[in-house]
Amino acid sequence: MLSGRRFAVIVQVVSMLLVGLSGSALAVPTAPDAGGSATPASVTATAAAGGTGGASSASLGGGSVGVQRVDSCTRIDEPGVYVLDSDVTNASATEDTGIEVGNETVQACVLVASSDVFLAGDDHVIDGRGFEDVDGNDTLNASFDETERAQYPVGVAVRGENGSALSNVTVTNVTTRDWFVGAFVEKASNATLFEVDADENANVGMELVDVEDSLVVASSADRNGFAGLYASGTSNTSVVDSEFEGNDVVGVDVYFGNVEMVLVNASVSNSSVAGVATVQSSGTVVAESTARNVGGDDSLLGFSGSYLFVNATEAVVLESATRADGSWALYATDCENAPGTCLNATPDAGDGAAMVTAESLSVGNATVSFTGQNVAVGAVDALTANASASAGLGLGAGVVVTNTSANAFVDLSTAWTGARPVAVSSTRFAVANATPGVQTDAATVDVRDRTVFVEGTTWGNDACYTAELSSVRYDAAADRLTVTVTSVPLNVSNDTACAQVVTGIPYRAVVSLTGAPGAVEVVHVHDGQRTVVASTANESANESAGNGTATVATIGA
């Protein structure tokens with residue numbers, strides 16, 4: 001399944017190399033057909049796109065059409081090639097899309113209401129007038145009056161008359177900003193957004209609804225109020241070579257009813273909750289992409305992550321990376337444990353699990369591959385207090401994995417280069433019967449592969465003392481495991497009689513790790529004073545330095 005999807009992705013990327021745009025020749029890419037291959041169709045203009053006056057014509061899909069020029073907000077009702085002559089600035093949305101939000105109708109500045117349309121922005125800007133949020137805060141450069149604010153204005157919209165389906169529409173080489181939504185496409189097939197920059201819009205940069213066999217290529221959606229790209233009800237749609245930076249909540253939101261949404265070479269950064277979020281959708285593939293500085297704001301959902309999956313099936317993350325994130329690298333869970341994210345009125349909402357396969361996901365300094373359900377994987381040093389890894393299973397190289405619901409499992413392997421990954425995965429400690437009159441500090445250490453056995457005797461000030469395992473710490477720089485045992489008074493009532501005699505306390509500690517430590521030391525603590533009572537080197541540990549892999553057995557809750 002992975003190899004087939006990856007092949008389709010490569011075909012799509014190669015096909016995009018055939019797309020060109022210049023003053024005298026326009027190449028119109030069409031989306032992949034049902035078989036996954038892309039078929040560019042050509043449009044050739046006989047007059048320079050930036051010229052004025054005279055006759056201009058082009059061939060589109062085998063027919064001859066005129067090149068029509070646009071210099072203001074407009075409605076496009078006929079097939080053809082349309083070129084934006086100049087920037088449209090501080091504009092009001094005037095074209096009725098037919099979409100109703102509450103009692104209001106969504107308006108667009110440029111509305112494409114016909115199939116077989118090629119709209120070339122010629123590197124111009126379609127600029128709105130800013131927008132206020134629901135609390136009246138000015139989110140952009142200016143604010144609408146109340147009548148315009150209620151219209152939820154859109155920069156460029158692709159939507160047929162009365163919601164009829166459209167096909168073969170391309171919008172290219174244009175910037176849309178200061179709208180509620182920068183670019184909007186609904187009920188379209190073979191639609192393409194190519195070199196579209198949808199930045200600084202109040203809600204979403206690009207929105208795709210009920211779209212199939214379509215593409216977003218070499219585009220950006222940065223610094224938008226909610227998401228860079230929002231997709232709902234799409235199928236076989238791909239996002240290639242695109243950037244989503246500084247969007248307030250999520251970079252790419254694949255939300256509800258999407259089938260086989262593919263993101264290739266996407267760069268996502270600086271969103272507070274998620275880089276790429278997939279909710280109640282199937283077959284999402286994230287390939288060769290990177291999420292940087294994502295997450296850390298757990299107030300909305302109770303968690304955050306670079307790649308977030310809620311009730312998602314057959315999701316794949318392939319050869320992608322996370323960098324300096326403030327929370328989980330990948331977080332997968334069900335609707336029950338992600339309140340407010342799912343459309344619970346739908347039959348498939350419920351508490352459906354999130355199934356994810358990852359191949360070569362970079363987490364911190366390690367690379368992990370796994371198949372899992374309702375699990376979170378992260379780099380220990382990057383996790384915030386809200387996304388604490390304390391309950392997780394340490395995998396070494398700073399990687400931790402934990403469950404996000406009761407019905408969780410994972411089969412995971414991790415690979416590393418350089419320093420051998422070692423982390424403490426579990427400890428056991430027990431004391432034996434105390435011996436009055438014995439004041440001994442001694443211990444022996446036995447290292448057996450990834451398990452360290454310590455047997456020793458410490459002492460207490462009287463017969464009402466015991467010993468506890470106060471800390472187990474691995475120092476990666478020194479490649480040393482330190483086991484600290486402290487003598488402490490028992491929790492007894494004041495009227496308990498304790499023999500006033502120094503008492504020896506035998507103990508046994510067992511420490512399991514993800515790799516063998518290079519050295520082990522045992523420290524005893526009495527009344528705050530630390531004494532190293534045993535120290536040993538583990539020469540066999542050096543054999544496992546360098547490159548390697550570690551596999552975690554299946555875990556569940």
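The values are calculated or read from the model by the stated rules, or taken from the named source; none is laboratory data. Quick caveat, the model's predicted, so the values are computed rather than measured. Note that we place each Cβ from the backbone using ideal geometry, even for glycine, and neighbour counts take in every protein chain shown.
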- In the range 422-474, residue surrounded by the most Cβ atoms within 10 Å (Cβ to Cβ) [restricted to those that are within 29 Å of Q500 (Cβ to Cβ) and acidic (D, E)]: D441
- Item | All positions within the range 87-105 that are farther than 25 Å from D116 by Cβ, modelled with pLDDT of 90 or more, surrounded by fewer than 19 Cβ atoms within 10 Å (Cβ to Cβ) and not charged (D, E, K, R) | T89, N90, S92
- Exactly one of S232, S214 is farther than 23 Å from G130 by Cα and touching an Asp or Glu at 6+ places or on another chain (Cβ under 9 Å), and that one is S232
- Task: With the condition kept exactly as written, say whether any residue in the range 206-213 is within 19 Å of D87 (Cβ to Cβ), in the same structural domain as V239 (by TED's automatic domain parsing) and of a type outside the set (D, E).
- Result: no
- Message: Just the residues that are touching a residue at least 12 places away in the same chain (Cβ under 8 Å), of a type in the set (A, V, I, L, M) and surrounded by fewer than 17 Cβ atoms within 10 Å (Cβ to Cβ), please, taken from the range 475-501.
- Response: A476, A478, V488, L490, V492, A499, V501
- Message: Consider the range 311-339. How many of its residues are buried (at least 24 other Cβ atoms within 10 Å of the Cβ), under 12 Å from the mean Cα position of the chain (by Cα) and assigned to a strand (DSSP E or B)?
- Response: 7
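Per-residue answers, yes or no, for (1) outside the structural domain of C498 (by TED's automatic domain parsing); (2) hydroxyl-bearing (S, T, Y):
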position: L412; (1), (2): yes, no
position: R428; (1), (2): no, no
position: A434; (1), (2): no, no
position: E455; (1), (2): no, no
position: E468; (1), (2): no, no
position: S471; (1), (2): no, yes
- Would you check if there is a residue in the range 253-260 being of a type in the set (S, T, Y), part of a loop (DSSP other than H, G, I, E, B), closer than 22 Å to S214 by Cβ and modelled with pLDDT of 90 or more? no
- Note on the structure: Okay, strands (runs of 3 or more DSSP E) sitting entirely in the range 393-443 with 1 or more residues that are modelled with pLDDT of 80 or more, I get 399-403, 409-416, 424-431
- Query: Which of the strands (runs of 3 or more DSSP E) contained wholly in the range 470-557 include at least 3 residues that are among the β-branched types (V, I, T), at pLDDT 90 or above and in contact with a Leu (Cβ under 9 Å, 6 or more places away or on another chain)?
  - Reply: 480-489
- Among (1) part of a strand (DSSP E or B); (2) in contact with a Ser or Thr (Cβ under 8 Å, 6 or more places away or on another chain); (3) at pLDDT 90 or above; (4) surrounded by fewer than 21 Cβ atoms within 10 Å (Cβ to Cβ) - the single one T170 does not satisfy: (4)
- Go through the range 80-112 and give me each residue that's touching a helix residue (DSSP H, G or I) at 6+ places or on another chain (Cβ under 9 Å) and at positive phi. G98
